[in-house]
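J.: This is the structure I have questions about; it appears just below.
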Amino acid sequence: MASNNLSQKRAATVSFRRAMVNDRAFLLSLRKISMNEHLQYAGLYLDDTAHLLRIDEFYSDSYLISYQNKAIGLLKLGLFTDKIHLRQFQLLPQYQRLGIGSRVLELVKRKAQDKQLAITLNVLLKNPAKQLYLRHDFVVMNSNKLEYQMRWQCRQ
């Protein structure tokens, strides 16, 4: 029980700030640390240039996730008239499984609920983050040889 309370306390102190140009080095490191294993398992071997292209895509939609004033992750959201698309969601490995990912998803879901929007995302087939999304009531809508397309529907 004490471990669960500690996780909740950690998760409650998460903050966000818009990514700036000087955050690219952190975002590259984060992406490689958090994604390379899953990308390689899917048969995708990306060099730094390819990673940076993905980081730079929709850069203005990028927010750094911080815990105790330290950048620990990325949340990239696309806001549309009918949905919020979770473009990228990454946490440094040492901050995974502490309730932080759940807290971030709860905040995004609250925003979506307030705006009466669905949330969509894509997750690589073998990425264990799929289990996090399932626990948060996302459902698999479709899949291809690379990823699942998932959706969370707000309450009317």
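The values are calculated or read from the model by the stated rules, or taken from the named source; none is laboratory data. Computed from a prediction, not measured in an experiment: that's the story for all the values here. Here Cβ is always computed from backbone atoms with ideal geometry, including for glycine, and neighbour counts include all displayed protein chains.
J.: Do you know which residues across segment 74-132 are aromatic (Phe, Trp, Tyr) and not in a strand (DSSP E or B)? Let's see the steps before the verdict.
T.: Restricting attention to segment 74-132, the residues satisfying the condition of being aromatic (Phe, Trp, Tyr) are 80, 89, 95.
Hits for segment 74-132 are Phe80, Tyr95.
J.: Next question, about the same structure. Please determine whether any residue of segment 4-11 is touching a Lys or Arg at 6+ places or on another chain (Cβ under 9 Å), of a type in the set (Lys, Arg) and modelled with pLDDT of 95 or more.
T.: Here is the first cut: in segment 4-11, the ones touching a Lys or Arg at 6+ places or on another chain (Cβ under 9 Å) are 7-8, 10-11.
Next, only the ones that are of a type in the set (Lys, Arg) stay: 10.
Right, trim to modelled with pLDDT of 95 or more and you get none.
Within segment 4-11 (the criterion being touching a Lys or Arg at 6+ places or on another chain (Cβ under 9 Å), of a type in the set (Lys, Arg) and modelled with pLDDT of 95 or more), the answer is no, since none of the residues qualifies.
J.: So, in segment 127-146, of the ones that are surrounded by 12 or more Cβ atoms within 10 Å (Cβ to Cβ) and within 10 Å of His38 (Cβ to Cβ), which residue ends up modelled with the highest pLDDT?
T.: Applying the filter and picking the extreme gives Ala129.
J.: Also, quick follow-up: Can Ser62 be described as of a type in the set (Ser, Thr, Tyr), over 16 Å from Ile33 (Cβ atoms) and in contact with a strand residue (DSSP E or B) (Cβ under 9 Å, 6 or more places away or on another chain)? Steps first, please.
T.: Values: of a type in the set (Ser, Thr, Tyr): yes; over 16 Å from Ile33 (Cβ atoms): yes; in contact with a strand residue (DSSP E or B) (Cβ under 9 Å, 6 or more places away or on another chain): yes.
Considered against the rule, which asks whether it is of a type in the set (Ser, Thr, Tyr), over 16 Å from Ile33 (Cβ atoms) and in contact with a strand residue (DSSP E or B) (Cβ under 9 Å, 6 or more places away or on another chain), Ser62 comes out as yes.
J.: Oh, and also: Could you check segment 31-73 and list, in sequence order, the residues that are outside any helix (DSSP H, G or I), within 30 Å of Asp114 (Cβ to Cβ) and modelled with pLDDT of 90 or more?
T.: The initial filter retains those residues of segment 31-73 that are outside any helix (DSSP H, G or I), namely 42-47, 57-58, 62-73.
Within this subset, residues satisfying the condition of being within 30 Å of Asp114 (Cβ to Cβ) are 57-58, 62-73.
Listed by number, the residues that qualify are Glu57, Phe58, Ser62, Tyr63, Leu64, Ile65, Ser66, Tyr67, Lys70, Ala71, Ile72, Gly73.
J.: Which residues, counting only those in segment 59-83, are under 20 Å from His136 (Cα atoms) and either in contact with a Phe, Trp or Tyr (Cβ under 9 Å, 6 or more places away or on another chain) or of a type in the set (Ser, Thr, Tyr) (or both)? Let's see the steps before the verdict.
T.: Looking only at segment 59-83, we keep the residues that are under 20 Å from His136 (Cα atoms), and these are 65, 73-79, 82-83.
Listed by number, the residues that qualify are Ile65, Gly73, Leu74, Leu75, Lys76, Leu77, Gly78.
J.: Of the residues Lys76, Lys109, which single one is more than 25 Å from Asn36 (Cβ to Cβ) and modelled with pLDDT of 95 or more? If you could, list the steps in order and put the result at the bottom.
T.: On the way: Lys76 fails: more than 25 Å from Asn36 (Cβ to Cβ).
Exactly one residue qualifies, and that residue is Lys109.
J.: Output the residue which, of all residues in segment 147-156 that are modelled with pLDDT under 95 and in contact with a helix residue (DSSP H, G or I) (Cβ under 8 Å, 6 or more places away or on another chain), is nearest to Asn122 (Cα to Cα).
T.: This residue is Cys154.
J.: Now, a different point. Which residue out of Leu107, Leu44, Leu77 is surrounded by 13 or more Cβ atoms within 10 Å (Cβ to Cβ) and within 11 Å of the chain's Cα centre (by Cα)?
T.: Leu77
J.: Search segment 109-132 for residues that are more than 17 Å from Gln88 (Cβ to Cβ) and pair each with any residue that is surrounded by fewer than 17 Cβ atoms within 10 Å (Cβ to Cβ) and among the β-branched types (Val, Ile, Thr) when their beta-carbon atoms are under 9 Å apart and the residues are at least 6 apart or on different chains.
T.: Listed pairs, sorted by first residue: Leu117/Thr81.
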